[in-house]
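The values are calculated or read from the model by the stated rules, or taken from the named source; none is laboratory data. Computed from a prediction, not measured in an experiment: that's the story for all the values here. Every residue, glycine among them, receives a Cβ derived from its backbone with ideal geometry; neighbour counts consider all protein chains shown.
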C-alpha cells in the first residue's frame, strides 16, 4: 500500500512538472502581436502570430503590439518666429514595423516617441510664423511628421500622421487680430466705393458727351428729375431752370434767343 502511495505521489509530481514545462514552452500571440525571442540573452528574432514553442528557462519572449498607437502630445508653450507666445497641442499616430529593433534599440519606445514629439513640436513652432501656423497648418503637420519619423526610424517605429489640434493665442493678440481684420474690411470697402465712383464718373462723362451732341437731351433729363422728385410728395420743390431751356423753346418758336442790336 505504501509503495502505491509513493508511486502516485511521484507520478503526480512528474505530471505537474510536465505541465509547468509545457506552459512555459507553449506561447500564443495574437494576430496583431509578435513575440521577440531571446536565447541565453542573444536575440533570436520575432515569432508569431499563433502557437509556437520556446525552450523553458533558456528562451525569453517579449510581446510587441503592432497596432497603430495614438499618442496625445500635451500642450506646448513656445515663441514663434515673429515673437508671439502660443500654446499648441497635437496628436501623433505611429506603429512598430520592426519588433526586434523596438526591443533592442530602445528601452521604452512609447515614452521615447512621446518625448521626441514634444521637443519636435516646440522646435517647429519656433521656426514658423504665426500666420503660417494658422493658415498653412498642413505644411506644419507634414514637417512635424517628417522630423519625428526620421528620429524614430532607427527604433523600428513608423510615424504616419501628426496633426496640430488647437492653437491658443493670448487675449491681446486676439484683440489685435480682430482690429486688423476690421481695418482690412474697411480698406476693401473704401476701395470698392472708390472704384464705384470712378465707374460712375466715366458713365457721367459719356452721358455729358451725348448731351453735348444733342442739347435737347438735357431738357428731358430735367423733366425726368422733376418726375422723380414729385413721386416723393415733397411739399416744396425747388428746381433750377437753365438758360438752355429757354433757348430750346425759342428755337421751337422760330425766334432768335439773342436778337442783334440795331445799328446807329
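Could you say which residue among 190, 205, 233, 247 is modelled with pLDDT under 70, part of a helix (DSSP H, G or I) and not assigned by TED's automatic domain parsing to the domain that holds residue 102? Can you show your working first?
On the way: 190 fails: modelled with pLDDT under 70; 205 fails: modelled with pLDDT under 70; 233 fails: part of a helix (DSSP H, G or I).
After applying the criteria, what remains is 247.
Look through 8, 51, 66, 71 and report the one residue that is on the phi < 0 side of the Ramachandran plot and out of contact with any strand residue (DSSP E or B) (no Cβ under 7 Å at 6 or more places or on another chain). Lay out the reasoning, then the answer.
Details: 51 fails: out of contact with any strand residue (DSSP E or B) (no Cβ under 7 Å at 6 or more places or on another chain); 66 fails: out of contact with any strand residue (DSSP E or B) (no Cβ under 7 Å at 6 or more places or on another chain); 71 fails: out of contact with any strand residue (DSSP E or B) (no Cβ under 7 Å at 6 or more places or on another chain).
So the residue among 8, 51, 66, 71 that is on the phi < 0 side of the Ramachandran plot and out of contact with any strand residue (DSSP E or B) (no Cβ under 7 Å at 6 or more places or on another chain) is 8.
Rundown of residues vs (1) on the phi < 0 side of the Ramachandran plot; (2) surrounded by 13 or more Cβ atoms within 10 Å (Cβ to Cβ), yes/no style:
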| site | (1), (2) |
| --- | --- |
| 151 | yes, yes |
| 156 | no, yes |
| 160 | yes, no |
| 165 | yes, no |
| 171 | yes, no |
| 180 | yes, no |
| 184 | yes, no |
| 189 | yes, no |
| 195 | yes, no |
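Here's the yes/no breakdown for (1) in the same structural domain as residue 156 (by TED's automatic domain parsing); (2) part of a strand (DSSP E or B); (3) modelled with pLDDT of 90 or more:
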residue	(1), (2), (3)
27	no, yes, no
34	no, yes, yes
38	no, yes, yes
55	no, no, no
94	yes, yes, yes
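Scan 221, 137 and give me the residue that is farther than 30 Å from residue 102 by Cα and not assigned by TED's automatic domain parsing to the domain that holds residue 75.
Working: 137 fails: not assigned by TED's automatic domain parsing to the domain that holds residue 75.
Going through 221, 137 in turn, just one is farther than 30 Å from residue 102 by Cα and not assigned by TED's automatic domain parsing to the domain that holds residue 75: 221.
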